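Values quoted throughout were computed directly from the atomic coordinates according to the rules given, and no laboratory measurement underlies them. Since the model is a prediction, treat every value here as computed from it, not as a measurement. Here the Cβ positions follow ideal geometry from the backbone for every residue, glycine too, while neighbour counts run over all protein chains shown.
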């Protein structure tokens with residue numbers, strides 16, 4: 001090689017090196033935009049914004065477009081946006097509809113490394129209860145979501161109404177459904193015409209979701225389950241189901257302690273017209289306090305002959321990443337999800353949302369909280385709501401069966417047989433891969 | 001023979017071209033926002049479409065499945081019941097109210113304004129107010145207690161009573177609206193015709209049935225068509241006021257509500273589109289029948 005040629009060769013190599021380095025830097029610093037959609041929970045939004053500002057400082061190459069979607073429009077907005085290819089990259093799906101999104105192939109597994117963990121097991125290990133706690137976010141052994149809120153229900157008592165009835169919630173709270181009837185009768189007040197003025201306890205009748213969140217767990221306490229999410233089968237025409245249905249029927253029609261015709265239980269409790277509600281989580285405590293209600297919190301009753309020590313169903317909201325997003329956006333989205341779930345103490349304090357990270361729930365601050373240990377204890381015993389495709393259709397069918405029996409007075413044998421057939425058909429139609 | 005320059009074919013062609021330009025925005029608007037959705041709906045009705053995955057063409061499979069779909073078949077009967085309950089009584093009572101308010105009596109304008117008030121708030125607000133009133137031991141129960149003797153009435157949770165309650169709430173807001181339309185029709189009838197009838201010896205009822213009602217035929221067609229179309233498309237009241245959105249036991253699940261449920265709750269957009277095609281066809285047939293039945297100029301001011 002001549003001297004001139006050598007100079008030219010080195011110059012060429014230097015230029016190539018500069019080009020490659022600059023290209024590499026450019027590739028590394030290429031900004032990525034993550035569209036983040038969260039459901040509406042007003043106390044959480046300011047904290048989200050605060051943490052997103054921190055995230056922007058720490059990850060300047062990841063832009064976040066943050067959108068809060070009203071709860072009533074969530075399903076419609078999300079599904080239509082995804083249909084048109086304009087959906088979010090990272091979104092806060094609930095455990096009731098995650099089965100639909102999973103079955104349709106809309107979700108990708110958690111990228112543990114991008115989320116700041118060594119691997120999937122490290123994520124499980126960072127939560128109290130490990131893999132079992134994150135069972136609601138796991139499909140076929142793979143983790144598909146990171147929790148923004150894990151929730152279990154417990155019972156709130158209105159202490160003033162208990163005192164007026166000569167009862168003490170700390171000593172008289174019913175441990176069984178059989179006792180619940182007795183206590184509720186003592187707490188019920190009727191006017192001179194016989195109309196209910198104050199209820200002791202009532203179920204959440206007006207929302208079909210509670211056929212899964214409260215009715216099904218009462219069946220599970222007896223050793224059965226209404227929906228088998230693994231095999232996509234229904235167990236409706238069973239003795240356990242009948243026992244629970246008979247209890248709900250008697251509650252409304254025989255004992256006349258409540259029913260679907262009355263104001264929904266949460267509102268009635270806040271208005272001082274209901275002495276016990278068991279259909280609320282830890283996130284509800286601020287509302288009870290704002291209403292000026294002094295309360296105590298207790299585990300959900302079990303049947304006297306219960307074979308399973310579960311309360312009502314647990315459920316959750318969680319960060320999931322869309323399969324429609326580009327791979328680099330998916331990785332950035334998991335980085336964002338990992339970051340946003342690293343402040344469990346602040347999310348509980350500001351928004352009442354429980355993210356059961358091990359370090360947090362073992363901290364003194366958590367253990368000294370007067371409310372949280374009861375909920376965490378229930379969470380560890382409860383089963384997650386079935387995460388099936390067609391969830392809404394199934395719960396509507398279950399509510400239809402309930403209403404035919406309780407409001408319509410139809411024969412239980414006939415209705416349960418038909419419901420068994422109807423729900424089985426829905427499950428068969430929605431079973432992934434079929 | 002003098003021919004005006006403005007009537008040459010080229011001028012007509014030019015005028016037609018300009019006319020076309022003027023209607024073009026409307027045509028484009030109609031094509032984008034009406035024609036395209038209708039054709040899309042027709043296409044999606046022949047697909048299996050969950051919104052979350054691309055649609056798959058299934059021909060008339062969705063329509064065949066609807067024939068065996070208990071919820072769909074029930075929604076047809078619920079819709080027809082609702083149409084019957086929220087149209088015929090509304091026509092009669094609103095016409096009666098219009099005839100009353102077309103008479104002169106003291107305080108008429110104030111009473112008319114009060115009668116019209118239920119039309120002003122949105123149906124969602126109306127539903128919220130009625131939910132309070134229809135509490136089992138609420139005001140309505142108290143008002144009817146002397147007749148029923150009941151301390152509590154399940155206005156919305158009794159499967160037999162609930163559809164009637166929903167129809168009554170609807171009619172409470174609809175009657176004043178249609179009353180105003182009838183009133184406009186009555187006002188449009190020349191006073192000379194009434195005077196002529198009176199001179200011929202007709203009394204109030206004869207004038208009403210022989211002169212006014214026949215001349216109200218165009219108004220009747222309008223009222224019948226609009227109220228029927230609205231009733232067939234019923235959604236808001238059933239969504240807001242009934243337990244479980246269409247309950248109890250689906251006795252208030254109209255076809256409009258079922259379309260929403262199938263499409264956006266159950267992710268069965270293909271089935272939802274098929275129901276909307278059926279609903280479209282039903283409305284088309286009923287409206288065409290009404291227009292055909294009431295066509296003719298036997299009774300006309302002209």
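Values as computed for the structure displayed
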| item | result |
| --- | --- |
| Rounded tilt (10° steps) of A:327-340 against the dominant C-alpha axis of chain A | 50 degrees |
| Cα gyration tensor category, rounded, prolate or oblate, for chain B with a/c compared to 1.5 | oblate |
| Value of Rg to Rh for the protein assembly as shown (Rh from inverse mean 1/r over Cα pairs, i.e. Kirkwood) | 1.07 |
| Distance in nm between pseudo-label sites at residue A:67 and residue A:255 (7 Å out along the Cβ direction from Cα) | 4.7 nm |
| Separation of the residue B:31 and residue B:225 label points, Cα + 7 Å toward Cβ, nm | 2.6 nm |
| Debye intensity ratio in log₁₀ form over the Cα atoms of region A:57-160, taken at each q of 0.16 Å⁻¹ | -0.89 |
| Chain B, relative contact order in percent, only Cα pairs under 8 angstrom and at least six apart counted | 28 percent |
| Residues in region A:130-155 reached by a label modelled at residue A:381 [backbone nitrogen below 16 Å; 7 Å Cα→Cβ] | A:152-155 |
| Computed lengthening from residue B:68 to residue B:23, 0.36 nm per intervening residue step minus Cα-Cα distance | 11.7 nm |
| Linear extension gain, residue A:121 paired with residue A:363, 0.36 nm per residue minus alpha-carbon span | 84.9 nm |
| Rg and Dmax of chain A, Cα atoms only, in Å | 26.0, 115 |
| Value in Å of the Kirkwood radius, where region B:5-44 supplies the Cα pairs that are averaged | 12.0 Å |
| Nitroxide proxy distance, nm - points 7 Å out along Cα→Cβ at residue B:113 and residue A:230 | 7.1 nm |
| Crossing angle, helix A:391-406 versus chain A [Cα axis fit, 0-90 degrees, rounded to tens] | 0 degrees |
| FRET E, pair residue A:58, residue A:271, Förster distance 60 Å, beta-carbon r, rounded to 0.05 | 0.85 |
| Degrees between helix A:239-249 axis and first principal axis of chain A (Cα, 0 to 90, nearest 10) | 70 degrees |
| For region A:192-301, alpha-carbon Rg over 2.2 N^0.38 Å | 1.19 |
| Efficiency of FRET between residue B:129 and residue B:164 - r from beta-carbon atoms, R0 22 angstrom, step 0.05 | 0.75 |
| Two-site FRET efficiency, residue B:144 against residue A:171, from Cβ-Cβ distance with R₀ of 41 Å, rounded to 0.05 | 0.40 |
